Amino acid sequence: EVQLVESGGGLVQAGGSLRLSCAASGFTFDDYAIAWFRQAPGKEREGVSCIIISDGATWYADSVKGRFTISSDNAKNTVYLQINSLKTEDTAVYYCAAREGDGSTRKEEYEHWGQGTQVTVSS
């Protein structure tokens, strides 16, 4: 059974930091790409970052470059998203997603999803 479990969200003040975690199980970690998406109320779910586990290649949306860092701990089958300099615009539910093979920025390409973790940024 493929399972993705996000954690690390919460209520933080603008300018602060959070580290989100995505714990994966039930598949061969090295064969997959893992991505982070987010969805704010009334908006489309959008890709913010992706990592190809096998070679460590990464991608970031323009809106988060310089503030977000994606990384993986392959021994723990866990992907992290370090979020710095939080803005109120970052408020959303953050989802971890996995697909076999190459990375993608499109939500339609991912077949496995976590339950999401809420990030709320106050001013």
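The table below gives the values:
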| item | result |
| --- | --- |
| Which listed residue, of 82, 39, is at pLDDT 95 or above and more than 11 Å from the chain's Cα centre (by Cα) | 39 |
| Inter-residue pairs, beta-carbon under 8 Å, first assigned to a loop (DSSP other than H, G, I, E, B) and in region 27-46, second hydroxyl-bearing (Ser, Thr, Tyr), 6+ apart | 40/91; 45/95 |
| Any chance residue 6 is among the acidic types (Asp, Glu), under 11 Å from the mean Cα position of the chain (by Cα), surrounded by fewer than 18 Cβ atoms within 10 Å (Cβ to Cβ) and under 27 Å from residue 122 (Cα atoms) | no |
| Residue 54 being modelled with pLDDT of 95 or more, on the phi < 0 side of the Ramachandran plot and of a type in the set (S, T, N, Q) | no |
| Region 42-54 - residue that is under 22 Å from residue 26 (Cβ atoms) and open to solvent by 30 Å² or more (accessible area, probe 1.4 Å) and, of those, nearest to the chain's Cα centre (by Cα) | 52 |
| Residue 12 within 16 Å of residue 96 (Cα to Cα), touching a residue at least 12 places away in the same chain (Cβ under 8 Å) and β-branched (Val, Ile, Thr) | no |
| Flag if residue 64 is at pLDDT 95 or above, more than 10 Å from the chain's Cα centre (by Cα) and not aromatic (Phe, Trp, Tyr) | yes |
| Selection from region 68-123 of residues that are open to solvent by 70 Å² or more (accessible area, probe 1.4 Å), touching a residue at least 60 places away in the same chain (Cβ under 8 Å) and closer than 23 Å to residue 10 by Cα | 87, 113, 115, 118, 123 |
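The values are calculated or read from the model by the stated rules, or taken from the named source; none is laboratory data. This is a predicted model, so every value here is computed, not measured. Glycine gets a Cβ as well: all are built from the backbone with ideal geometry, and neighbour counts include every protein chain shown. Remember, those area values only see protein heavy atoms, side chains included, never the ligands or the DNA or RNA. Shrake-Rupley method; radii C 1.70, N 1.55, O 1.52, S 1.80 Å.
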